[in-house]
Amino acid sequence: MPGDSTESPSALAPLRQPVFRMLWLAWLAANVTMWMNDVASAWLMTSLSGSAFMVAMVQAASTLPVFVLGLPSGALADIIDRRRYFAATQLWVAIVAVVLSGLAFTGRLTAELLLALTFANGIGLALRWPVFAAIIPDLVPRPELPAALALNGVAMNMSRIIGPVVAGTLIASAGSAYVFLLNSLLAIVAFTLILLWRSEPKVSTLPGERFVAAMRVGLQHVMQSPPMRAVLARIFLFFLQSTSLTALLPLVARDVHGGGAGAYTTLLAAMGSGAIIAALNLTRLRQRLEREAFVRWSTLLHAACAVIVVLVPTLWIAVPAMIVAGMAWISAANSLTVVAQMGLPNWVRARGMSIYQMALMGGSAVGAALWGYVATLTSVTTSILVASVVGPALLLLTRRHVTIGAHDEDLTPARPTVLVPPPVIEIPPDKGPVMVTIEYLIDPARAADFNAVMQETRRARLRQGALSWGLFRDTTRPERYIEYFLDENWVEHQRRLERFTAADLGLRERRLAFHVGPEAQQMRRYVAEAVGGRADTSDMRQAGAAS
């Protein structure tokens, strides 16, 4: 299906929303500081250490925290106040920038300290990104979401231009220390803009989720979602390939094109310009190709441009190639981000997007270290050429098993229509686990179709947080099936009602269509009873895992 019906007619429509506009400016300022820091750090490392591996490790140190801390940060963003959390993450980035500036001014910055502080800055990025990703769908109407995400890409790539240009100018005229100083001032500006936002708190009659349980449910939700699994694989492979160019770009500018900081920032700015051009035209571009084809061609185009940049030692040919590479980069990354956002309900969006970012940054960190090591053994040109071949080859090998769907589920919040009798015993919120059983009477001739629907049901129950799920058939009545699932405790069982979507209701109707009994389905709820002073549920958990 070429194009997406959810595309906004105007690429700038989300900026009409005042809150989105203010936070978008904060995001722009935050990303300018990120690029200024990365550019100054990468260039400074070339003077602190002559090793290609150490230069590439600057980007690895920046992205690795996102891979390590992504899920915890997403869980926090889903269970605490998102405004305060967003502001705290930006404050962390500002503090790191001040420390980095102080060390640079006093001449105490070493290659090892630079990597450590780059890692610390990456921690702030790891904590900041999931909460911002979760906020955006609440600020704009769903039809404008792709355009809003594209504008976030514009902010990222405007910062890719502004940050390197400012950093390059200051490096050439005053030194890296002044880049880190300006970086800290801009980080404080972004922090102030975030404080001006007045968010609406989430309303729920239930207590907040526990931190560890929230991480488990978030990971479980993503792993039981086929669209999210496909997106994670795609984004990891794309950044594994594409990072070779960005991680080694300082050495490409210096060794391949014989330039200095000016050549490096020119190439970065060219890539950012291409990304902005593409981001403002993604609506029209997507009308020509399906999602899968759009991502595939963008990957191939980026690889081809990387080859041109390192094989043609002429800067004025490399610059147009970097512009096209930027267009391909944002086209692939934004398309996959839209699919991820559309595939996540609001209650788990920060956790889901944090896992998505973990895959993205994991691919970037692995790619930076891998291609930096290859460059150390061979050369910068050889490393980027190998990456440009490996990326499309992996895409070709996985095309049958990892495919981006053309349609999105309706994840609009909904209430279950089944009326369950209230309990007649007192149940504390933390008592559990809770077992739910549902009885079906099925025409045996339709057993195969029923099993297929129940496989979807299994994934849906687990996505909502169930500990385990099983389907059993009566040995004496072949038409009788019993479905069961376990929730961690009574409050988590109640929380399931807040997680239902229109897609879940549609799946329920499909299950009900198989029921041929004279009476409605029988649903029963059980709470674990303490035996010998504790609730013994190990056998039930093992049975659920086996099912």
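Table for the structure above
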read-out: Estimated vicinal HN-Hα couplings, Hz - region 119-125 in sequence order (Karplus 6.51, -1.76, 1.60; Gly, Pro = x); value: 5, 4, 5, x, 4, x, 5
read-out: Loop trypsin sites (Lys or Arg not before Pro), region 266-336, which have at most 16 other Cβ atoms in a 10 Å radius of their Cβ (DSSP); value: Arg288
read-out: Contour excess over end-to-end distance, with Cα ends at Arg84 and Leu195 and 0.36 nm allotted per residue; value: 39.2 nm
read-out: Between 0 and 90°, nearest 10: helix 315-342 axis offset from the chain longest Cα axis; value: 20 degrees
read-out: Net lengthening on full extension, Phe105/Gln494 (0.36 nm per residue, minus Cα-Cα); value: 134.4 nm
read-out: Estimated FRET transfer efficiency (Phe472, Ile317; beta-carbon r; R0 60 Å; 0.05); value: 0.35
read-out: Nearest-0.05 FRET efficiency for Glu529 and Ala293, computed from C-beta distance (R0 60 Å); value: 0.60
read-out: Residue-by-residue Karplus 3J(HN,Hα) for region 274-284, coefficients 6.51, -1.76, 1.60, Hz, glycine and proline x; value: x, 5, 5, 4, 5, 4, 6, 10, 5, 4, 6
read-out: Projected label distance in nm at Val389 and Phe53, using a 7 Å step from Cα toward the beta-carbon; value: 2.3 nm
read-out: Equivalent ellipsoid, region 223-321 (semi-axes from 5 times Cα gyration tensor eigenvalues, Å); value: 29, 16, 11
read-out: Net +/- balance of residues flanking Gly218 in space, Cβ distance below 9 Å, scoring K and R +1, D and E -1; value: +1
read-out: Distance in nm between pseudo-label sites at Arg284 and Leu396 (7 Å out along the Cβ direction from Cα); value: 3.3 nm
read-out: Calculated [θ] (222 nm, deg cm²/dmol) that DSSP helices of n ≥ 4 give over the chain, each run adding -39,500 (n - 2.57); value: -23000 deg cm²/dmol
read-out: Residues listed by number, region 441-467, amide nitrogen under 17 Å from Leu512 label point at 7 Å toward C-beta; value: 441-442, 454, 457
read-out: Neighbour-limited loop hits for trypsin sites (Lys or Arg not before Pro), region 58-152 (at most 14 other Cβ within 10 Å; DSSP other than H, G, I, E, B); value: Arg108
read-out: Contact order relative to length of region 434-485, as percent, for alpha carbon pairs under 8 angstrom and 6 or more apart; value: 51 percent
read-out: Cα-projected label distance for Ile425 with Gln521, points at 7 Å along beta-carbon direction, nm; value: 2.5 nm
read-out: Answer label for volume of the Cα convex hull per residue in Å³ (calculated), chosen among (1) 155; (2) 169; (3) 146; value: (2)
read-out: Karplus 3J(HN,Hα) series, Hz, for region 211-225 with 6.51 cos²θ - 1.76 cosθ + 1.60 (x for Gly, Pro); value: 4, 5, 5, 5, 5, 4, 5, x, 5, 5, 4, 5, 5, 9, 10
read-out: Bins of 5 Å from zero: percent of alpha-carbon pairs in region 434-546; value: 2, 10, 21, 23, 20, 14, 7, 3, 1, 0
read-out: Degrees, to the nearest 10: 380-397 long Cα axis against longest axis of the chain; value: 20 degrees
read-out: DSSP loop GluC sites (Glu not before Pro) with at most 13 other Cβ within 10 Å excluded, longest remaining stretch of the chain; value: 1-425
read-out: With Cα atoms, 0 to 90° folded angle of helix 226-247 axis to the chain main axis; value: 10 degrees
read-out: FRET efficiency, Ile277 to Val19 (Cβ-Cβ, R0 35 Å, nearest 0.05); value: 0.85
read-out: Under 5 Å, built H, 5+ apart or other chain: amide partners of Arg480; value: Ile442, Asp474
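The numbers here are math on the coordinates, done by the rules we state, and not lab data. Predicted model only: the values in this text are computed from it and were never measured. All Cβ positions, glycine included, derive from the backbone under ideal geometry; neighbour counts span all protein chains shown.
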